[in-house]
Each structure stands twice: as C-alpha cells, then as structure tokens.
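For reference, the structure is listed below as structure tokens.
Values in this text are rule-based calculations from the coordinates and carry no lab data. Quick caveat: nothing in here was measured; it's all calculated off a predicted structure. So basically every Cβ, Gly included, is an ideal-geometry build from the backbone, and we count neighbours across all protein chains shown.
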Amino acid sequence: MGRPILKYLLDSVILIDHLNAIPPATAFLQEHGHACSLSAITRAEVQASLENNAVGSLARELLDLFPTLPLTAETADLAARLRKTRHLKHPDAFQAAVAVLNRLVLVTRNTRDFGSGSGLRVLVPYRL
C-alpha cells in the first residue's frame, strides 16, 4: 500500500481548534486526516501558539501525524506575488502558495484573509 493521496493543507487554526477540543475540528481531522498535510508555516504557528501550554507535547505528536511540506524558492516567489496582489500577510501568503503549488485545498476557518481565487481553493469545514 502506497502513501495516501494528499488533498488538503491544514491551516493552523484547524489544529489549534482540535487541541482546544472544538468538536467540528476534531470531526474533520477524524474523517479527512489521512488526506491532510501541513506547511512548515502551520507547524511553526501551532508550536508557537502552544509553546508554554501543557498541550505542547500533544501538539508536536499531532503535527508529526501529517506530512510537512517544505518552503522552496518557488513557494517564496509565489507568496510574494500573492502578498502583493491579494494583500496577504506573509504567513498567509506562504500558506496560499504552498496550497496552490501542491494543488491542495486550504482548510481554514479564516474567511477574512483567505478567499478562493488565483488558483487557491479554500474549504471552511465549520464556523464558530
């Protein structure tokens, strides 16, 4: 049996919600986790947000369940273009670029910063 086919790129908010016991986040990960990946940005954001928290070691275990996609020169170039054209903050521009270049759907509940377009596909699996 080969590696699972990746379909989704998880934004940090989904993982943080899961670690904070938000049921819809957990349900999404239970149903689709096998097809999910992370960017290096998400990995860093989740660890930083929970660094001094008791769930920090659980967060690292959770992060290790998903393949982490690297940031490359191509990612940086597209992130720069997306930052300029879509007025995204650097982390969000990198997230979008990783999703686009890997042909993945970005899973987030951050509808303010992310919208579809420029090759970016976004899934908002729940709202709080």
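When each of 14, 41, 22 is scored by the number of other beta-carbon atoms lying within 10 Å, the sequence from fewest to most is 22, 41, 14.
A simple spin-label model places pseudo-atoms 7 Å from Cα toward Cβ; at residue 85 and residue 65 they are separated by 3.5 nm. The angle between the Cα long axis of helix 73-86 and the main principal axis of the chain comes to about 80°, on a 0 to 90 degree scale.
Once you order the gyration tensor axes a ≥ b ≥ c over the Cα atoms, which shape class does the stretch 23-73 get: rounded for a/c under 1.5, otherwise prolate or oblate by comparing a/b with b/c?
Numbers: a/c = 2.12, a/b = 1.02, b/c = 2.08.
Cα axes put the stretch 23-73 in the oblate bin.
Modelled spin-label separation between residue 57 and residue 121, with each label point placed 7 Å from Cα along the Cα-to-Cβ direction: 3.9 nm.
Within the chain, the percentage of alpha carbon pairs spaced more than 22 angstrom apart rounds to 32%.
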